[in-house]
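Visitor: My questions will all concern the structure given below.
The values are calculated or read from the model by the stated rules, or taken from the named source; none is laboratory data. Owing to the predicted nature of the structure, the values given are computational and were not obtained by experimental measurement. Virtual Cβ from ideal backbone geometry, glycine too; neighbours counted across all protein chains shown. Areas reflect the complete protein model, heavy atoms only, side chains present, ligands, DNA and RNA absent. Shrake-Rupley method; radii C 1.70, N 1.55, O 1.52, S 1.80 Å.
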Amino acid sequence: MAARDDYLLDSLIEMGYVTNEQLAPIRQEADSTGEGVVDTLVAKGVVAPGVVAQAKATHFSVEFVHLGELQLADDVIAAVPRHVAKRFNVVPVRKEEGGIVVAMADPSDLDTLDGLQHALNTSIIAAVATPEDIETAHSRYYGVREDSVSKMIQDITEGEVDIGKIEAVETEDGAVMEADAPIIKLVNTMIVEAFKMRSSDIHLEPLAKRFRVRYRIDGMLHEMKNPPKRLQASIIQRLKIMSNMSIAEKRIPQDGRIQAGVGGKTVDLRVSCLPTTHGESIVMRILDKEGLRLGLAELGFFTDDQQIFERLIGLPDGILLITGPTGSGKTTTLYAVLNYINRPDRKIITVEDPVEYVLSGINQVHVNEAVGLTFAAALRSMLRQAPNVVMLGEIRDLETATIAINASLTGHLVFSTLHTNDAPSAVTRLIDIGVKPFLVASSSRCLMAQRLVRKVCKRCGQPYTPTEDEMRSLNIDAAKASAASFRKGRGCPDCNKTGYRGRMGIFEIFVIDDEVRKLIYEKVSATVLRTRARELGMRTLREDGSRKVLAGQTTPDEVIRATVMDLD
């Protein structure tokens, strides 16, 4: 082992990852334990596994590949069968004119190269990847579990499973033939796998020559193993049956719901079916009821902002608006607020379209415009139920806004959302849709904008130094940087090689006081309101994100992606 280590040690020293001074004690420890010097360096955290793999690639003059950053084509994966890839512990990367490029941990292993060449009857071009990357790629593309989606697709593709004549099933009552069992199992496994991977959405998209499957994890879409195009109609039909849609109707959009049990939990899926050029596109939104009970601290508030927000949501009346684009976490924040203030002595009623999560002890109304139960109609009726707190899913028009504001002026605490880019713009939006400025000024207690950024993975996060451009974009000077603990994830199986796991909010809290009310009376622009709010101590979205970068909770890339630069 020591002899095989020598060439790697020379490469690591030449590349500047380790010094002779660091090696002396490591050699002694390796001799005493019988382990290799390089293995000991990795175990001690002196060098990362990826660095060792790069050193191997440099020494043997072969390519180093980051498998986690690649989306390998189906025909490339099919070129190396699962049993061959597992036996020789390799991953095919791409086809070339001279043969197949395969990633392996040790490019000097001539037995593996020779065995692969005979097994595949083609030339093999070696590349290097880390053992961890190879293991993750096997799981992703070939499946390591008998019940994984990848393995089931592989079995169907290779003809190991007979799916029968599924297209013959055309029953409106949901009856399913026995031949449909593999598709049933595949669809069920897909839902379970997506839930276990912490996905918020499953996207099944028919394209011209393939049927693409993507999971949205922490707000970012990740392409998964694609089922064969020939299974497209069968999978979509099965999902439409499960969500009580009409399988005969393929010309108009449909909506449905699926309730599934995953690991002892009940999970609801909101299903949307949309006809597209190449077939019906299905999106399933995963609604995990048990995962919703967040406290305010889990949302991402720093202590000072949390204290301000807790004081505001404890007020007896007034309106608090949460603003931001679709997917910025507004609904999650509203539910966390309702959980926080939900007590036996308070009556809370919500009006939502649709009711995504059922909360214990809260009266929830589902909007149904087809029968005349609009936001405005529901809100008008619910005020006769004498609630203390009202939560309105979204303010969409003048009628809804007027009723909500009048309710806040007559002793009710009202929460709602608006689609605006920042907090001060919510004032001008309400005035633009027709609400009188004096009503906006009198009723508003707080306007809060928010965005979601991914959190640095706790398992693989490590110290790192931002670039000058990143520091400039986030307005971080040398004094702030010296006291900061910048962190960035290098990627591990726990975070699916992304370096991020989970999301948190960044917030812009605009507290309405008497001075701001005077400005609203005068119908000043959002720019003037924003300037005054900054003078009164409001932190912008980017400033709050910058604080979380300094604390090592997220990265500059995430904050820059989610926010715009402050002009002043």
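Visitor: Looking for whichever is among the aliphatic types (A, V, I, L, M), within 21 Å of residue 353 (Cβ to Cβ) and at pLDDT 90 or above here; the options are 315, 320, 292. Which one fits?
Guide: On the way: 315 fails: within 21 Å of residue 353 (Cβ to Cβ); 292 fails: at pLDDT 90 or above.
One residue alone meets the criteria, 320.
Visitor: Considering only the range 326-347, I want to know if a residue exists there that is at positive phi and not hydrophobic (A, V, I, L, M, F, W, C). Spell out how you get there, then give the answer.
Guide: Initially, the range 326-347 is screened for residues at positive phi, giving 327, 329.
With the extra rule that they be not hydrophobic (A, V, I, L, M, F, W, C), the set shrinks to 327, 329.
There is at least one residue in the range 326-347 that is at positive phi and not hydrophobic (A, V, I, L, M, F, W, C).
Visitor: Any residue in the range 69-88 that is in a strand (DSSP E or B) and not β-branched (Val, Ile, Thr)? Don't jump to the end; show me each part of the working.
Guide: From the range 69-88, those in a strand (DSSP E or B) are none; that's our starting set.
No, every residue in the range 69-88 fails to be in a strand (DSSP E or B) and not β-branched (Val, Ile, Thr).
Visitor: If you check every pair at least six apart or on different chains, which have Cβ atoms under 8 Å apart with a residue in the range 533-546 that is surrounded by fewer than 16 Cβ atoms within 10 Å (Cβ to Cβ) first and a residue that is part of a helix (DSSP H, G or I) second?
Guide: Hits for this filter: 536/515; 536/516.
To keep it simple, each residue is scored yes or no on (1) touching a helix residue (DSSP H, G or I) at 6+ places or on another chain (Cβ under 7 Å); (2) assigned to a strand (DSSP E or B); (3) open to solvent by less than 60 Å² (accessible area, probe 1.4 Å).
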| residue | (1), (2), (3) |
| --- | --- |
| 230 | no, no, no |
| 260 | yes, yes, yes |
| 267 | yes, yes, yes |
| 285 | no, yes, no |
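Visitor: Which count do you get for residues in the range 393-441 that are outside any loop (DSSP other than H, G, I, E, B), open to solvent by 40 Å² or more (accessible area, probe 1.4 Å) and of a type in the set (S, T, N, Q)?
Guide: Initial filter on the range 393-441 (outside any loop (DSSP other than H, G, I, E, B)): 398-409, 413-418, 425-432, 437-441.
With open to solvent by 40 Å² or more (accessible area, probe 1.4 Å) added as a condition, the list becomes 398-399, 402, 406, 409, 429, 432, 438.
Filter once more, keeping what is of a type in the set (S, T, N, Q): 402, 406.
Adding up the residues that qualify gives 2.
Visitor: Does residue 77 satisfy the criteria of being closer than 13 Å to residue 126 by Cβ and either β-branched (Val, Ile, Thr) or open to solvent by 20 Å² or more (accessible area, probe 1.4 Å) (or both)?
Guide: Values: closer than 13 Å to residue 126 by Cβ: no; either β-branched (Val, Ile, Thr) or open to solvent by 20 Å² or more (accessible area, probe 1.4 Å) (or both): yes.
Here the answer is no, as residue 77 does not meet what is asked.
Visitor: Are any residues in the range 331-344 open to solvent by 20 Å² or more (accessible area, probe 1.4 Å) and either among the polar types (S, T, N, Q) or touching a residue at least 40 places away in the same chain (Cβ under 8 Å) (or both), and if so, which ones? Let's see the steps before the verdict.
Guide: Of the residues in the range 331-344, the ones open to solvent by 20 Å² or more (accessible area, probe 1.4 Å) are 331-332, 339-340, 342-344.
Scanning the range 331-344 gives 331, 332, 339, 340, 342.
Visitor: Is the range 456-479 home to any residue that is under 30 Å from residue 318 (Cα atoms) and touching a residue at least 40 places away in the same chain (Cβ under 8 Å)? Don't jump to the end; show me each part of the working.
Guide: So in the range 456-479, the residues under 30 Å from residue 318 (Cα atoms) come out as none.
No, the range 456-479 has no match at all.
Visitor: Scanning the range 210-226 for residues that are outside any strand (DSSP E or B) and over 21 Å from residue 456 (Cα atoms), which turns out farthest from the chain's Cα centre (by Cα)?
Guide: Taking the range 210-226 first, the residues outside any strand (DSSP E or B) are 210, 218-219, 224-226.
Filter once more, so that each one left must be over 21 Å from residue 456 (Cα atoms): 210, 224-226.
Values: 210: 24, 224: 14, 225: 18, 226: 20 Å.
Among those that are outside any strand (DSSP E or B) and over 21 Å from residue 456 (Cα atoms), it is 210.
Visitor: Step by step: first the residues of the range 296-312, then only those that are at pLDDT 90 or above and aliphatic (A, V, I, L, M), then the one that is most open to solvent (accessible area, probe 1.4 Å). Which residue is that?
Guide: My answer is 308.
Visitor: Now, a different point. List the residue pairs whose Cβ atoms are under 6 Å apart, where the first residue sits in the range 208-234 and is in contact (Cβ under 8 Å) with a residue 24 or more places away in the chain, the second is basic (Lys, Arg) and assigned to a loop (DSSP other than H, G, I, E, B), and the two are 6 or more positions apart or on different chains.
Guide: 217/198; 226/210
Visitor: Kindly provide the set of residues from the range 176-194 that are open to solvent by less than 50 Å² (accessible area, probe 1.4 Å) and modelled with pLDDT under 80, ordered by number. Before you say what the answer is, go through the steps one by one.
Guide: Quick first cut of the range 176-194, residues open to solvent by less than 50 Å² (accessible area, probe 1.4 Å) only: 179-184, 186-187, 189-194.
Matches in the range 176-194: 179, 180, 181.
Visitor: Suppose the filter is at pLDDT 90 or above and open to solvent by less than 40 Å² (accessible area, probe 1.4 Å); does residue 254 pass it? Let's see the steps before the verdict.
Guide: On the way: at pLDDT 90 or above: yes; open to solvent by less than 40 Å² (accessible area, probe 1.4 Å): yes.
Considered against the rule, which asks whether it is at pLDDT 90 or above and open to solvent by less than 40 Å² (accessible area, probe 1.4 Å), residue 254 comes out as yes.
Visitor: May I ask you to verify whether residue 497 is of a type in the set (D, E, K, R), open to solvent by less than 60 Å² (accessible area, probe 1.4 Å), more than 19 Å from residue 298 (Cβ to Cβ) and at pLDDT below 90? Talk me through it step by step, then tell me what you get.
Guide: Numbers: of a type in the set (D, E, K, R): yes; open to solvent by less than 60 Å² (accessible area, probe 1.4 Å): yes; more than 19 Å from residue 298 (Cβ to Cβ): yes; at pLDDT below 90: yes.
The answer is yes for residue 497.
Visitor: Going by what's in this entry, would residue 328 be described as open to solvent by less than 50 Å² (accessible area, probe 1.4 Å), touching a residue at least 24 places away in the same chain (Cβ under 8 Å) and closer than 23 Å to residue 547 by Cβ? Steps first, answer last, please.
Guide: On the way: open to solvent by less than 50 Å² (accessible area, probe 1.4 Å): yes; touching a residue at least 24 places away in the same chain (Cβ under 8 Å): yes; closer than 23 Å to residue 547 by Cβ: yes.
Yes, satisfied.
Visitor: May I ask you to list the residues in the range 89-124 that are open to solvent by less than 20 Å² (accessible area, probe 1.4 Å), under 25 Å from residue 50 (Cα atoms) and assigned to a strand (DSSP E or B)?
Guide: 91, 92, 93, 100, 101, 102, 103, 104 - these are the residues of the range 89-124 that are open to solvent by less than 20 Å² (accessible area, probe 1.4 Å), under 25 Å from residue 50 (Cα atoms) and assigned to a strand (DSSP E or B).
Visitor: Counting just the residues of the range 323-382 that are touching a Phe, Trp or Tyr at 6+ places or on another chain (Cβ under 7 Å) and in a helix (DSSP H, G or I), which one comes out farthest from residue 269 (Cα to Cα)?
Guide: It comes out as 337.
Each row is one residue, and each column tells you yes or no for (1) closer than 22 Å to residue 326 by Cα; (2) at pLDDT 90 or above.
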site: 172; (1), (2): no, no
site: 196; (1), (2): no, no
site: 215; (1), (2): yes, yes
site: 225; (1), (2): no, no
site: 235; (1), (2): no, yes
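Visitor: So, of the residues in the range 554-568 that are under 28 Å from residue 457 (Cα atoms) and out of contact with any Lys or Arg (no Cβ under 6 Å at 6 or more places or on another chain), which turns out to be modelled with the lowest pLDDT?
Guide: Checked the range 554-568; the qualifying residue modelled with the lowest pLDDT is 565.
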